[in-house]
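Okay, structure first, notes after.
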Amino acid sequence: MNTYAIGDIQGCFASFMRLLERCRFDPVADRLWLVGDLVNRGPRSLETLRFVKELRNSAITVLGNHDLTLLLAAEGFGKRGKGDTFDDILHAPDRDELLFWLRHQRMCHVENGHCLVHAGLLPQWTVADAQALAGEVESALSAPDWRTFLANMWGSEPAVWSDDLTGWPRLRVIVNAMTRMRFCTPIGVMDFHAKGGLDNTPTGHVPWFEAPGRRSADTALVTGHWSALGLKILPNLLALDSGCLWGGPLTAVRLEDRAVFQVSCSDEEIRAW
Ligand SMILES: [Mn+2]
């Protein structure tokens, strides 16, 4: 069995299919780890979501900010972005099944010395902490009053973790770290404005994975979300968003031996938004 970890697909279904061919992915024997942001910006979000859902136990996906944006939009919450391209899902005959499936995906998955999460982990969290905190959000997303959670989920405050946080602010910090974070201060105050690469690190901040004393540094984190960072492979980090939407490739890394597979995206995908 091989495990292929794949960066942000964002509706780039054609590239996704070419990448699976390139890897010779076998849905019976192999598994996919998807870093989230399956949908939005690219041209074929609906087919991407249907395909991953049909893979059942052969694919593990964690939720990204664009996946959550879709769940919010489906309930009439949040601000629609000009570049949103998931109306095909909202109008699909199988919309309810797809959104139900998406809402029940995880925030974080840990197995065999790897931790899959869309954006990153705050410096105070061990991987075991992150699993427990992810579970709090997953419970809120599947609880009977999940709509109330969605209505209170979005927002950039508070920007820093405290074990004493409770209620919506607590869940909001977990969601923001795991799905939106790029930079934080050395003590883990998150910044949500800077969007570029390491050249644009805001004063007083560090890329989240370089926070000193980060307690998850003993585990290989598998992440996406940060296309301006590009593909970054370190002993304890596989950052896989190589910017397919921006003209970059779509990347897979085979976790067993860290072999890298890439396909270039198509013009249709770059132009979609
Ligand atoms: Mn993202």
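The values are calculated or read from the model by the stated rules, or taken from the named source; none is laboratory data. Predicted, not measured: the structure shown is a model, and the values here were computed from it. Because the Cβ atoms are built from the backbone with ideal geometry, glycine has one as well, and the counts that use them run over all protein chains shown. Surface areas here come from the heavy atoms of the whole protein model, side chains and all, with no ligands, DNA or RNA. Shrake-Rupley method; radii C 1.70, N 1.55, O 1.52, S 1.80 Å.
If the chain between Asn2 and Val160 were fully stretched, how many nm would it gain, using 0.36 nm times the residue separation less the Cα-Cα distance? Intermediate values should be presented prior to the final figure.
Details: separation 158, 0.36 × 158 = 56.88 nm, distance 3.72 nm.
Going from the current span to full extension adds 53.2 nm.
Return one whole number: the accessible area per residue of the stretch 192-257 in Å², for a 1.4 Å probe. Can you show the working numbers first?
Numbers: 2860 Å² over 66 residues.
Value for the stretch 192-257: 43 Å² per residue.
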(request) Can you tell me the relative contact order of the chain? Whole percent, Cα pairs under 8 Å, sequence separation 6 or more. (result) 24 percent
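For the stretch 5-58, report the accessible area per residue in Å² (1.4 Å probe, heavy atoms, rounded to an integer). Let's see the in-between values first.
Numbers: 2060 Å² over 54 residues.
Counting only protein heavy atoms, the per-residue value for the stretch 5-58 is 38 Å².
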(message) Output needed: percent of Cα pairs per 5 Å distance bin for the stretch 93-143, bins running from 0 to the one holding the longest distance.
(response) 4, 19, 25, 21, 14, 9, 5, 2, 0
(request) Would you please classify the overall shape of the stretch 153-273 from the alpha carbon gyration tensor, given that a ≥ b ≥ c denote the square roots of the eigenvalues, rounded means a/c under 1.5, and beyond that prolate means a/b larger than b/c while oblate covers the rest? (result) prolate
(message) Per residue, how much accessible surface does the stretch 93-186 expose to a 1.4 Å probe? Answer in Å², no decimals.
(response) 40 Å²
(message) With every atom except the alpha carbons ignored, what do you get for Rg and Dmax of the chain, in angstroms?
(response) 17.3, 49
(message) From the phi angles alone, apply the Karplus equation (6.51, -1.76, 1.60; θ = phi - 60°) to the stretch 160-173 and give each ³J(HN,Hα) in whole Hz, x where the residue is Gly or Pro.
(response) 9, 7, 8, 4, 7, 4, 9, x, 4, x, 4, 5, 5, 4
(message) Which one, Asn176, Asn57, Ala92, projects farthest toward the positive side of the charge dipole computed for the chain from Cβ point charges (K/R +1, D/E -1)?
(response) Asn176
(request) Go ahead and estimate [θ] at 222 nm for the chain from helices alone: -39,500 (n - 2.57) per DSSP H run with n ≥ 4, summed, over the residue count, rounded to 500. (result) -9000 deg cm²/dmol
(message) Given Cβ point charges of +1 (Lys, Arg) and -1 (Asp, Glu) and nothing else, what value in debye, to the nearest 20, does the dipole of the chain about its Cα centre take?
(response) 280 debye
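If each residue of separation counts as 0.36 nm, what is the full-extension length gain between Ala228 and Thr203 once their alpha-carbon separation is subtracted? Working shown, then result.
Working: separation 25, 0.36 × 25 = 9.00 nm, distance 1.78 nm.
The Ala228-Thr203 span can extend by a further 7.2 nm.
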(request) Just add up the charged neighbours of Trp208: K/R +1, D/E -1, any other residue whose Cβ is under 13 Å from the Cβ of Trp208. (result) +3
(message) Give the separation of the Cα centroids, the stretch 181-232 to the stretch 108-142, in Å.
(response) 16 Å
(message) Shape verdict for the stretch 69-189, please, from the Cα gyration tensor: rounded (a/c under 1.5), prolate (a/b greater than b/c) or oblate.
(response) prolate
(request) Roll a 1.4 angstrom probe over the protein heavy atoms and tell me the percent of accessible area of the chain that is carbon or sulfur. (result) 50 percent
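Between Glu256 and Arg95, what length comes free when the chain is fully extended (0.36 nm per residue of separation minus the Cα-Cα distance, one decimal in nm)?
Working: separation 161, 0.36 × 161 = 57.96 nm, distance 3.53 nm.
The span from Glu256 to Arg95 would gain 54.4 nm if fully extended.
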